[in-house]
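Following: one structure in structure tokens, then a few remarks.
The values are calculated or read from the model by the stated rules, or taken from the named source; none is laboratory data. These numbers come from a predicted model, not from an experiment. Here the Cβ positions follow ideal geometry from the backbone for every residue, glycine too, while neighbour counts run over all protein chains shown.
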Amino acid sequence: MRSISMAGCRPAGVLALGMLALTACADVSAPTSSPPGAASYTVAPIHDERAALHELTRAFALALRDPGLRQRVKNDLRESRHTPEHKLALNRYLKGESGGILLAKASSETGRSRADLLALIQRVRPLEFYLPVPAHRESWRGGADLLVASLLEDGSDTPEGFTLAGARVGLSSDLPPETPVLALVPVETDFSETLDRRYVNRNDRGGQTIGTYSTCDVNTDNCEDTGGGGPSTKPAGLYMTFSYIADLGEPWLKGAPEIEAHVHTYYIPGDLTTAKSLACAGEQASGWRYFDQNSHTWSGEVLLFTKAQIETANGLSNDGYNVMLWEDDDSPCELKLNNTTLGSTLRAIRDLVVAVSVFVIPTDPEIQARALVAAVYENASWLLSDDDWLGVAVDKRYTGDTFTDATHRLERRDDFTIGSPNGRVNLVRYGF
């Protein structure tokens, strides 16, 4: 049981509505399903899982003392086309020839049997491995200048690293070391998918290093015809043209963030359990909905919501919808939500706060960006994955902000007051 404490809303001088107390309960002790392609594992208490990952991290570091194995692992990573960072699924990798060698070396270095090592793996949630820092991927040639590190949970854990001699190394959560780091982290990739032909590998020093995939630039690259793409005519709708996110929700050991913009319903009459994403834009989307934000600042043009979707949403509920940014560590453009708990929370808010319009300052008649909803999402006991909520777009006329490069503050306060910005976004309408 988790208590959600909410102070009264005090937007721009509006009288506070008093203190509300809501409770929400959700079992978040274990994932309800494994990521695509992930092996099954035994759910263990978190301290046992951390202990098992500690042993595995050190064992693989010791195994990689072998120069031939390091070259094999480097080449296998370079050949991976699942993500721009060349990630590989550890559980799947260990079933192949290279993984068999890795297990054998780890066994001989630690004195543990292969069965013991596999038992440790079963105590840990499915893992992926790669070099998360671009400079490391683009400089490491397979030499002994390598650390092996792991991180189990964002926020509550700090990276744990080992030298190839098995010595423990203290690592910062904020900044990577200069020495290249091979990371073991929970799976957040769909390994059934591969990058399309838009992506070319760059900065691999003529094949001597791993490199990084990025989209082909028709102005500088000899691009293949990728076909497909978005419609040639720009659709009418709501677009984001700029975003700045202070906290990207992703530690460096887990690589580039998977930033997504979701348009959410707030409340549908007669169906309080259905508070869901109506539309999604991000790096796994296509056409006009594609954008890839890998640093704090992004600019471009991405479609969030078409004119037809806006009209449909307005027909479903006079409460409108919200534009929210997420760092989605689970299935792309799919948020693992406990809708029953979220629905009961929304019902309580609806019952206690009759004057919903107090919390609403629209960008235009269609967009209802609420600071109210920020309380619900920040106290996210109903969120059943590692997806990180980055904030809701709140009109700067409501917050009193004076920035000139954006129309909305990205608000992430854990109560009904305004005052915890996580950045800003620029939202514009086109075609109506």
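How many residues does the stretch 130-146 hold that are free of Cβ contacts under 8 Å to residues at least 60 places away in the same chain and either surrounded by fewer than 21 Cβ atoms within 10 Å (Cβ to Cβ) or of a type in the set (Val, Ile, Thr) (or both)?
Pass one, the stretch 130-146, residues free of Cβ contacts under 8 Å to residues at least 60 places away in the same chain: 135-136, 145.
Checking which are either surrounded by fewer than 21 Cβ atoms within 10 Å (Cβ to Cβ) or of a type in the set (Val, Ile, Thr) (or both) leaves us with 135, 145.
Total meeting the criteria: 2.
Quick one: ASP48 ticks every box in (1) at pLDDT below 95; (2) surrounded by 14 or more Cβ atoms within 10 Å (Cβ to Cβ); (3) of a type in the set (D, E, K, R); (4) assigned to a helix (DSSP H, G or I) bar one, so which box is it?
Single failed check for ASP48: (2).
Take the stretch 63-90 and flag every residue that is in a helix (DSSP H, G or I), more than 16 Å from PRO132 (Cβ to Cβ) and out of contact with any Phe, Trp or Tyr (no Cβ under 8 Å at 6 or more places or on another chain).
ALA63, PRO67, GLY68, LEU69, ARG70, GLN71, ARG72, ASN75, GLU79
Just wondering, is there one or more residues in the stretch 205-215 that are within 13 Å of LEU325 (Cβ to Cβ), at pLDDT 75 or above, part of a strand (DSSP E or B) and among the hydroxyl-bearing types (Ser, Thr, Tyr)?
Of the stretch 205-215, the ones within 13 Å of LEU325 (Cβ to Cβ) are none.
Among the residues of the stretch 205-215, not one is within 13 Å of LEU325 (Cβ to Cβ), at pLDDT 75 or above, part of a strand (DSSP E or B) and among the hydroxyl-bearing types (Ser, Thr, Tyr), which makes the answer no.
It is to be established whether one or more residues within the stretch 133-140 are more than 25 Å from the chain's Cα centre (by Cα), among the basic types (Lys, Arg) and modelled with pLDDT of 95 or more.
Filtering the stretch 133-140 down to residues more than 25 Å from the chain's Cα centre (by Cα) leaves 139-140.
With among the basic types (Lys, Arg) added as a condition, the list becomes none.
No: the stretch 133-140 contains no residue that is more than 25 Å from the chain's Cα centre (by Cα), among the basic types (Lys, Arg) and modelled with pLDDT of 95 or more.
Report whether or not LEU102 is modelled with pLDDT of 95 or more, assigned to a helix (DSSP H, G or I) and not assigned by TED's automatic domain parsing to the domain that holds PRO251.
So LEU102 fits the description; yes.
So ASP190 ticks every box in (1) at pLDDT 90 or above; (2) crowded, with 17+ Cβ neighbours inside 10 Å; (3) touching a Gly at 6+ places or on another chain (Cβ under 9 Å) but one. Which box is left unticked?
Of everything listed in (1) at pLDDT 90 or above; (2) crowded, with 17+ Cβ neighbours inside 10 Å; (3) touching a Gly at 6+ places or on another chain (Cβ under 9 Å), ASP190 misses just condition (1).
Filter the stretch 150-162 down to the residues that are surrounded by fewer than 19 Cβ atoms within 10 Å (Cβ to Cβ) and more than 22 Å from the chain's Cα centre (by Cα) and list them by number. Full working, then the answer.
Just the residues of the stretch 150-162 that are surrounded by fewer than 19 Cβ atoms within 10 Å (Cβ to Cβ), to begin with: 153-158.
Within the stretch 150-162, none qualify.
Just checking, which of SER172, SER113, SER150 is at pLDDT below 95, over 22 Å from TYR213 (Cα atoms) and either of a type outside the set (A, V, I, L, M, F, W, C) or not assigned by TED's automatic domain parsing to the domain that holds LEU64 (or both)?
On the way: SER113 fails: at pLDDT below 95; SER150 fails: at pLDDT below 95.
Going through SER172, SER113, SER150 in turn, just one is at pLDDT below 95, over 22 Å from TYR213 (Cα atoms) and either of a type outside the set (A, V, I, L, M, F, W, C) or not assigned by TED's automatic domain parsing to the domain that holds LEU64 (or both): SER172.
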